[in-house]
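Notes to accompany the following structure.
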Amino acid sequence: MRIEIKLTEASVEDITRLRDGLPEKVRITGLHEETQTLEATLNLTVDEVFQLLAIQNIIATPIFEHTDLEQKLYTKIEDLDFSVRTQNTFRQNKYDYVGDIAKKQPYDLLQLHGFGKICLDEVLVCLKKFELTFGMELESFPDSVIIGRIEATRKEEEQRIAKERRQALQMKLQMNIIDIGITGTAFQLLSKAKLYTVGQVVRHHPEDFVRLGFGIKSLKQIKDRLATVNLRLGMIIILDPIGS
C-alpha cells in the first residue's frame, strides 16, 4: 500500500532532514513566501511514515491510496450482481468481501448450505472479472485498518448521496405548481385551496381533491405533472435539515 503525505507548512530544515532520511521521496510543490515554509508531497511506505512522525512542527495530511489488488479484494460482496441465493449464502456465512472468496477453494464454497454449482459459476465469473483466482495466499487479508478506512469512506459517500437527494427533493417541493406545468382548471382549483407549491400538493391524497371538487381531468393532470418530477400524491415526507 502506498501512502501519500502532503506537507503544508514545512520549514526548509524539515525538508532537508526528510531528504537526508528519505532520499528521492520528497517533492516540493509550493512555497509560502510570507512564512518561508514549504509545501511538499511524499510517497511513502508505512515504515517511512513513522520516520516522518518523528519530525516536529509540520502539518502533515496522510492520503491513503489502495493498490489495485486491495481495491478488488475489499470490494463488498453485497455490491456485486450475484443472485439472491448466492448473496444470502455469503451473508449467512459472514463472507463480506471478494477477498473472503478468493482465499477459499471451490470445494470450501460447495460445503456451504445452499451453495451449488450455479452459485459457483457466478463466483467464477466474478473472480475472472476481477482477475483473481481461488486459493490465493492472502496473509494480510483482512486488514482491520484498511477495512476501517474503506467503511469510513463508504459511509461518507452514502451520507453525501443522501444529502444530495434531500436537497434535490426539497428543491422539487419548493417549486410552484405552475413550474411543473399545472394549468387551467387544475391550477385555479389548487390556488383556490391555497395549495401553491408542489410540497403542499403531494401531501394530499386523491380523495382530498375529489372532495374539493376536482374532476377526473384536473386530477389526472396533477398526477401526470407530478410524475414528471418523480413525485406522487399522498407522499409522507420527512426531511432532515439540509446541513445535517
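Quick note: the coordinates plus some simple rules give every number you see, no bench work behind them. This is a predicted model, so every value here is computed, not measured. Because the Cβ atoms are built from the backbone with ideal geometry, glycine has one as well, and the counts that use them run over all protein chains shown.
Here are some notes:
- Restricting the calculation to Cα atoms, the stretch 162-244 yields a radius of gyration followed by a Dmax of 12.9, 41 Å.
- The stretch 165-198: trypsin sites (Lys or Arg not before Pro) in DSSP loop, at most 12 other beta carbons within 10 Å: Lys194
- Restricting the GluC sites (Glu not before Pro) of the stretch 90-142 to loop positions (DSSP other than H, G, I, E, B) with no more than 13 neighbouring Cβ atoms within 10 Å leaves Glu131, Glu137, Glu139.
- A prolate overall shape is assigned to the stretch 100-187, the ratio a/c of its alpha-carbon gyration tensor axes (a ≥ b ≥ c) being 1.5 or greater and a/b exceeding b/c.
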